[in-house]
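Heads up, the thing below is written out as structure tokens.
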Amino acid sequence: MTGLFAEIQAVAGRYPEPKSAVLPALRLAQEHYGHLTPEALREVASALGTTPAYCRGIASFYDMFHLAPVGEHMIDVCTNASCALVGAAQVLEAFERELGIRAGETTPDGRITLRSAECLGGCGSGTVVSIDERYRQPVKPEDVPAIVEELRRG
Amino acid sequence: MSAPELVGGSAADRERIAHELVTVTIDGRQVQVPKGTGLVEAAAAAGVEIPVFCYEPRVGAGIGACRMCLVEIEGMPKLQTGCTTPVTDGMVVHTAGTSEQAAAGQSATMEFLLLNHPLDCPVCDKGGECALQDLSFRYGSGKTRMTFRKRSLEKPIPISPTIALDRERCIMCFRCTRFSQEVAQDEELSAVNRGALSMIATFEDEPYRGPFSGNVTELCPVGALTSTQYRFKARPWEYEQAASVCGLCPVGCNVAVQSREGRVQRVLSRNHPEVDRGWLCDKGRFSYSHLYSEERILTPRRRGVRELEELGWEQALDELEGMIERAQGEVVLALSGSETLELAYALAKIVRQGAGSDRVVLPEQAADALDPFRVPISALAEAEEIVVFEECPVLDRAPLIELWLKQARRNGAHVTRIGPSGDIQRGRGEAALACQELAEKESALGKRLRAAERAILLWSGGGGAGGCHLAALAHALGLHEKEGSGALLLPASPNARGVAEAWAAAGDENRQPRQIGLLVVSGDEAASEPQVRQLAEHARATVALTLFAGDSGEWADLVLPATGYLERSGTMRNLEGRLQRLRGATGSPARRELSWLAELAGRLGVDLPGSEAALFTELSAKVLDGISLASLGDRAPLPPRVEAQTFEAARAESPPTLLGGPLELIRYRALFSGPEVEHVPELSFQRPAAEVEISPEDADRRGISGGNEVVVRSNGTRVTLRARINAALLPGMVRVAAEHCAELARGVEVSRP
């Protein structure tokens, strides 16, 4: 039994139904494995007394769960309506140019993953970019090189 | 029309609400329905159809996924989904039939549903019985505005050897995933991704293993989930359909057997709401292809010099007649319990009246002691307290009962299982003792059972006396005085009680031959019984009536081809005591038993009619109180309870001492086993693994971990199996599926090789 298994069970203990702990449990597993591998999903399922199919159904719904490997850093560029109006497409393009990859890809050195995201809830000052789950806003295309440089040094 | 079904809430809530009526107006028609009724049902009661795809009350309350049921409700600004809206008093509803707004909404929904749906109806198995096809014909525009390419995906994907998934056709109604999560509760089928990318999937490449998986092929309103066995075999309008009953377990699910050109093409549910609620297990649904196995014997065979040789029917009957003569009254009949009453009666008559013998080997008996506590199976869903004496898993014996237990738990019932791996752990042979304890005044569970308005006891395995123990307990708890309370026994064979009745009807003498001149073995199940095999060794001659020559071929002198349960007409008595009609599918490659039995009876001077109906009339006059075949109808009624007698507290016998080793071997017949399943290649992935289940304590003590290869031995028999740790299993016991037990005795030792 791994530490993760016990950790998940402890979280599950806070809910009347162990299955209700599926989101925090998946989160713990992702932190442990880097992304939700089939083994990670099996482990979550067995700790919660459910099936890996159920866990994958939940995990695949949410963007913040990763079913495939991702880079050490995660850049999410909002491309939804409000940000699109203030140039999100150009911001995303700037990231693609700077990183040499397309949205949805990871740099060959495995350091950085770039994604386009749906509304991140910061519509007041777009474009919103989430970097490792911390918001930068507003981001203009000309801010991008410095941000990438910071992450590469990081 | 029957009362609309209310979904959710406790039984008591539903009862209270059902008495209050509300008035609603739908398309100008006023109707009164019980408060809480769904709009779809209320409309149906008013004679108005609200079309649906995703809504299926049997998988739970409506979820409004497909939007096909959009209606206009006065006072609400936007269209509402009928399937998620309970009616309220004074509600005025306009469906697409009378409201332009609703019609426009519905037509837009239809357009969206067809956006990516391929136009492959001519090659789709669902064609002709497809909800999408029917409703687009009625509500669709007939023209498409979509000029771009439709989505194309890999297809068909085998989500199990029995089910194919075509994701292009899927309209994401979630019926299948809800069945998997809510009804079967296997959670093996789920929806992955989100929005337009959503799709149905199992985990990785793992097959959908749940024992009820096949129901999703019937639930799917389009051709997305189809049966691989049935793929491209036939069209729904080409069938001849027989309204029959499944003969594989004592539940007796009502089935529609559909055949084309004399061959069974598929088995569907025929929904008896008190028995199966429209569900089937995969054994019942997919086993039919055993009838066309190459290993099935279709002509009589006689033991030759080296092996079995074929012979004609005339010769075979000469042979059998000679065997009966030479046995000089020392004939023993071994019945499987899978025979219809009529077939068992015909065999019994020949043995008792033609061969002059009265000895029979009956399957594990189901006594009539529980008749005062009779309840329909469906009463489980409404029960508050259910206690299962579960020496053999309910799922293996009577799979549908397991689904009813899940439904009961979903409705708020307490389900307590008592057995080797139950909530209350009890060893084998201790169920009777547990019964006595519950009957005592101070038992906590017993008190709950007494207090409950609806309490049901179930007995699964543990010997033929189970009925008496259970009856004594049920009587002590006063269950005969409460409607919706009762007790049911799950026998090991489909028609155990029926064949015992049939045997009794054919004679009343009791002449026990001291030797066995001739052993008559009916059915593959009996032929595979170790006890019957032993008798065969002592018999001077043996005749077997079987579908396959696998077991009987090794020792029988004469093997006569049997017909399968899907080919037989007649009656069977299920575990509730319900007498149900089987109607044989058209055509059988083997000769009907009753035809040659009548011929044989003629030679022996026994008066035996050759038709099932005439046999039933005879039987009915003798043991069934003269009821008529017609009174059983298509969905047979449950006979009324009989008057309760006083019960002697049954004596619980102590379990026999173990010989051969310290661990008690539980040899069980797994659900996916038996002569039919063994001849269906698509079900081979469900067959029980060659493993031994062992408790963590016993495993630790022997240095065994899960997945290890271990040797199970007793009295010189050694079997190599894989160990599986079962944390729920009582220490001191191990479980092995019967087909992997070989000749192991009851006491065994397990060790690393």
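Structure above, values below:
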{"read-out": "Some residue of the range B:388-400 being within 29 Å of B:Ala504 (Cβ to Cβ), basic (Lys, Arg) and in a helix (DSSP H, G or I)", "value": "yes"}
{"read-out": "Options B:Ala355, B:Ala327, B:Ala367; residue that is touching a Leu at 6+ places or on another chain (Cβ under 6 Å), among the small types (Gly, Ala, Ser) and at pLDDT below 95", "value": "B:Ala327"}
{"read-out": "Filter pass, B:Val216 being touching a Gly at 6+ places or on another chain (Cβ under 7 Å) and either touching a residue at least 24 places away in the same chain (Cβ under 8 Å) or outside the structural domain of B:Pro376 (by TED's automatic domain parsing) (or both)", "value": "no"}
{"read-out": "Residue list for the range B:712-723, filter: buried (at least 17 other Cβ atoms within 10 Å of the Cβ) and of a type outside the set (S, T, N, Q)", "value": "B:Val712, B:Arg713, B:Val719, B:Leu721, B:Ala723"}
{"read-out": "Condition broken by B:Glu49, with the remaining ones in (1) at pLDDT 95 or above; (2) on the phi > 0 side of the Ramachandran plot satisfied", "value": "(2)"}
{"read-out": "Residues that are aliphatic (A, V, I, L, M) and within 10 Å of another protein chain (Cβ to nearest Cβ), drawn from the range B:164-203", "value": "B:Leu189, B:Ala191, B:Val192, B:Leu197, B:Met199, B:Ile200, B:Ala201"}
{"read-out": "Long-range neighbours under 6 Å by Cβ, at least six apart or interchain, first residue closer than 19 Å to B:Pro156 by Cβ within the range B:185-203, second aromatic (Phe, Trp, Tyr)", "value": "B:Glu188/B:Tyr208; B:Leu189/B:Tyr208; B:Ser190/A:Tyr54; B:Thr202/B:Tyr208"}
{"read-out": "Tally, over the range B:433-449, of residues that are touching a helix residue (DSSP H, G or I) at 6+ places or on another chain (Cβ under 9 Å) and either in a loop (DSSP other than H, G, I, E, B) or closer than 21 Å to B:Arg374 by Cβ (or both)", "value": "7"}
{"read-out": "Scope the range B:101-123; condition assigned to a helix (DSSP H, G or I), farther than 21 Å from B:Val40 by Cβ and of a type outside the set (A, V, I, L, M, F, W, C); matching residues", "value": "B:Glu111, B:Pro122"}
{"read-out": "Criterion: closer than 21 Å to B:Cys253 by Cα, surrounded by 21 or more Cβ atoms within 10 Å (Cβ to Cβ), within 21 Å of the chain's Cα centre (by Cα) and not charged (D, E, K, R) - qualifying residue of B:Pro363, B:Pro376", "value": "B:Pro363"}
{"read-out": "Residue count, the range B:134-190 (criterion: among the small types (Gly, Ala, Ser) and surrounded by fewer than 13 Cβ atoms within 10 Å (Cβ to Cβ))", "value": "3"}
{"read-out": "Answer from B:Gln512, B:Gln531 - the residue that is surrounded by fewer than 18 Cβ atoms within 10 Å (Cβ to Cβ), modelled with pLDDT under 95, under 27 Å from the mean Cα position of the chain (by Cα) and not assigned by TED's automatic domain parsing to the domain that holds B:Arg667", "value": "B:Gln531"}
{"read-out": "Residue count for the range B:216-250, restricted to those that are within 25 Å of B:Asn116 (Cα to Cα) and assigned to a strand (DSSP E or B)", "value": "3"}
{"read-out": "Qualifying positions in the range B:481-499 - in contact with a strand residue (DSSP E or B) (Cβ under 9 Å, 6 or more places away or on another chain), within 20 Å of B:Arg573 (Cβ to Cβ) and either hydroxyl-bearing (Ser, Thr, Tyr) or outside any strand (DSSP E or B) (or both)", "value": "B:Pro494, B:Asn495, B:Ala496, B:Arg497, B:Gly498, B:Val499"}
{"read-out": "Segments classed as helices (runs of 4 or more DSSP H), wholly inside the range A:1-120, with at least 1 members that are within 14 Å of chain B (Cβ to nearest Cβ) and either among the aliphatic types (A, V, I, L, M) or farther than 30 Å from B:Glu206 by Cβ (or both)", "value": "A:22-33, A:38-48, A:52-61"}
{"read-out": "Residues located in the range A:37-81, provided they are over 21 Å from the mean Cα position of the chain (by Cα) and closer than 24 Å to A:Arg102 by Cβ", "value": "none"}
{"read-out": "Condition broken by B:Arg266, with the remaining ones in (1) in a loop (DSSP other than H, G, I, E, B); (2) over 20 Å from B:Ser378 (Cβ atoms); (3) among the basic types (Lys, Arg) satisfied", "value": "(1)"}
{"read-out": "Hits in the range B:590-616 - residues which are buried (at least 16 other Cβ atoms within 10 Å of the Cβ) and either in a loop (DSSP other than H, G, I, E, B) or not assigned by TED's automatic domain parsing to the domain that holds B:Glu501 (or both)", "value": "B:Ala590, B:Arg591, B:Arg592, B:Val606, B:Leu608, B:Pro609, B:Gly610"}
{"read-out": "Residue within the range B:330-342 that is outside the structural domain of B:Pro513 (by TED's automatic domain parsing), small (Gly, Ala, Ser) and surrounded by 19 or more Cβ atoms within 10 Å (Cβ to Cβ) present", "value": "no"}
{"read-out": "Residue list for the range B:540-557, filter: at pLDDT 90 or above and buried (at least 24 other Cβ atoms within 10 Å of the Cβ)", "value": "B:Thr542, B:Val543, B:Ala544, B:Leu545, B:Thr546, B:Leu547, B:Ala556"}
{"read-out": "Some residue of the range B:269-287 being farther than 18 Å from B:Arg581 by Cα and of a type in the set (Asp, Glu)", "value": "yes"}
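The values are calculated or read from the model by the stated rules, or taken from the named source; none is laboratory data. What you are looking at is a predicted structure, and each value in this text was computed from that prediction instead of being measured. Heads up, the Cβs are rebuilt from the backbone with ideal geometry, glycines too, and the neighbour counts pull from every protein chain shown.
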